[in-house]
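Enquirer: I am attaching a structure below and will ask some questions about it afterwards.
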Amino acid sequence: MMLNKLTVSFIIIYVIESLTIIVQSSFIVAVLGREWVKVKRLSPVDMILTSLGVCRFCLQWISMLCDFFFYFKPNCVYLTLTLTWEFINVLTFWLTSLLAVYYCVKVSSFTHPIFLWLRWRIPRLVPWLLLGSVMITCVTIIPSAIRTYIRVRLITLQQLPRNNTEIEKLHVFEQYLTTPHKLIALSVPFLLFLAAIILLMVSLAQHREQMQHRDTGGGNSRMKAHVTALKSLSIFFIFFSSYFLALLITFLGTIVDRRSWFWLWEDVIYAIVCIHSISLALSSPTLKRVLKVKCWT
């Protein structure tokens, strides 16, 4: 396949963005891994960020392989890689949502018994929530595994004497299975993420109203915690929402043309991921401390 200069430029940008994300993810995992070895423990936020770093590292390598296979020669290997990509991508969505829920529970000032119980228990629950995210993702990916089997079957049938009836049935089944499943698989953790941000905003508004009637040091400290968490989650929301919408547009196939716009669209998506990875790194006190030291030395 002959590539024009513009396409080659987009591919180079894409590779640079991908390598940047891989370096960012490696930095997060290396720093937090070293912290774990030194002090024999990690904070709940750092546990989630380490898991996100590992997922992003693996996801980006697989994304590069999938994109090049898709553009140049889709085959059974590409389908297997796509299934792996979908698994890690959905897991990344759940982990990002878990991070938002953790901030919401720990910082919000709601006095409902459920919130009080969660605030006390959630630091100990984080390892189990991480395991739960993996298990939910395994269940979620089952329709994708069925779809991959159907696509492999279609490739096999196309190489044999035509059985048009079976091919048509498989095409229809795949069509009804693909888009709804992808929408649900990504929408559920995204809505959970959105709910956590809304609850934190409501909590901040309530706390601010209470502070108008009294001015205490503890209240000011609580307000600062609210604002800090909300700033972090607002950055997450902007880029996580952009990534979510970009993936939906890709899945629906309404904008992306395989030849003309594929690499430009990939550049846009992974530029968002790159900035989101930076915001994730800045949400950890450990990572921010290391970055400050590196910048000053």
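Enquirer: For segment 1-11, how many residues are surrounded by 12 or more Cβ atoms within 10 Å (Cβ to Cβ) and of a type in the set (S, T, N, Q)?
Expert: Initially, segment 1-11 is screened for residues surrounded by 12 or more Cβ atoms within 10 Å (Cβ to Cβ), giving 3, 7, 9-11.
Among the residues that remain, those that are also of a type in the set (S, T, N, Q) are: 7, 9.
Looking only at that region, the number is 2.
Enquirer: Collect the residues in segment 12-43 that are open to solvent by 20 Å² or more (accessible area, probe 1.4 Å), assigned to a helix (DSSP H, G or I) and more than 16 Å from Arg289 (Cβ to Cβ), keeping them in residue-number order.
Expert: Within segment 12-43, Ile12, Ile13, Val15, Ile16, Glu17, Leu19, Thr20, Val23, Gln24, Ser26, Val29, Val37 qualify.
Enquirer: Another question, if that's okay. Quickly run through segment 162-214 and pick out the residues that are modelled with pLDDT of 65 or more, surrounded by 13 or more Cβ atoms within 10 Å (Cβ to Cβ) and charged (D, E, K, R).
Expert: Lys182, Arg208
Enquirer: Residue under question is Leu282, and the condition is that it be open to solvent by 50 Å² or more (accessible area, probe 1.4 Å), at pLDDT 80 or above and within 23 Å of Thr96 (Cα to Cα); does it hold?
Expert: On the way: open to solvent by 50 Å² or more (accessible area, probe 1.4 Å): yes; at pLDDT 80 or above: no; within 23 Å of Thr96 (Cα to Cα): yes.
For Leu282, the condition - open to solvent by 50 Å² or more (accessible area, probe 1.4 Å), at pLDDT 80 or above and within 23 Å of Thr96 (Cα to Cα) - is not met.
Enquirer: Would you confirm whether or not segment 140-151 contains a residue that is at pLDDT 80 or above and not in a helix (DSSP H, G or I)?
Expert: Yes, the conditions are met somewhere in segment 140-151.
Enquirer: Test Ile275 against the stated conditions and say whether it is farther than 21 Å from Lys5 by Cβ, at pLDDT 80 or above, open to solvent by 70 Å² or more (accessible area, probe 1.4 Å) and in contact with a Phe, Trp or Tyr (Cβ under 8 Å, 6 or more places away or on another chain). I'd like the intermediate steps shown before the answer.
Expert: Details: farther than 21 Å from Lys5 by Cβ: yes; at pLDDT 80 or above: yes; open to solvent by 70 Å² or more (accessible area, probe 1.4 Å): yes; in contact with a Phe, Trp or Tyr (Cβ under 8 Å, 6 or more places away or on another chain): yes.
So Ile275 fits the description; yes.
Enquirer: Something else: For segment 110-134, what are the residues that are in contact (Cβ under 8 Å) with a residue 40 or more places away in the chain, open to solvent by 30 Å² or more (accessible area, probe 1.4 Å) and not hydrophobic (A, V, I, L, M, F, W, C)?
Expert: Pro123, Pro127
Enquirer: Six or more apart or on different chains, Cβ under 7 Å: which pairs go from a residue in segment 271-297 that's β-branched (Val, Ile, Thr) to one that's at pLDDT below 70 and part of a helix (DSSP H, G or I)? Could you list them?
Expert: Going by the 7 Å Cβ cut-off, there are no qualifying pairs.
Enquirer: Residues that are in a helix (DSSP H, G or I) and closer than 30 Å to Trp265 by Cα: does segment 101-124 have at least one?
Expert: No, segment 101-124 has no match at all.
Enquirer: Pairs under 9 Å by beta carbon, first residue without any contact (Cβ under 8 Å) to a residue 60 or more places away in the chain in segment 22-35, partner open to solvent by 50 Å² or more (accessible area, probe 1.4 Å), six or more apart or different chains?
Expert: Here the result reads Ile22/Phe57; Ile22/Trp61; Ser26/Phe57; Val29/Val54; Val29/Phe57, each pair linking segment 22-35 to a residue that is open to solvent by 50 Å² or more (accessible area, probe 1.4 Å).
The values are calculated or read from the model by the stated rules, or taken from the named source; none is laboratory data. The structure displayed is predicted, hence computed values, not measured ones. Cβ coordinates were reconstructed from backbone atoms using ideal geometry, including for glycine residues, and neighbour counts include every protein chain displayed. These accessible areas exclude ligands, DNA and RNA; they are computed on the full protein's heavy atoms, side chains included. Shrake-Rupley method; radii C 1.70, N 1.55, O 1.52, S 1.80 Å.
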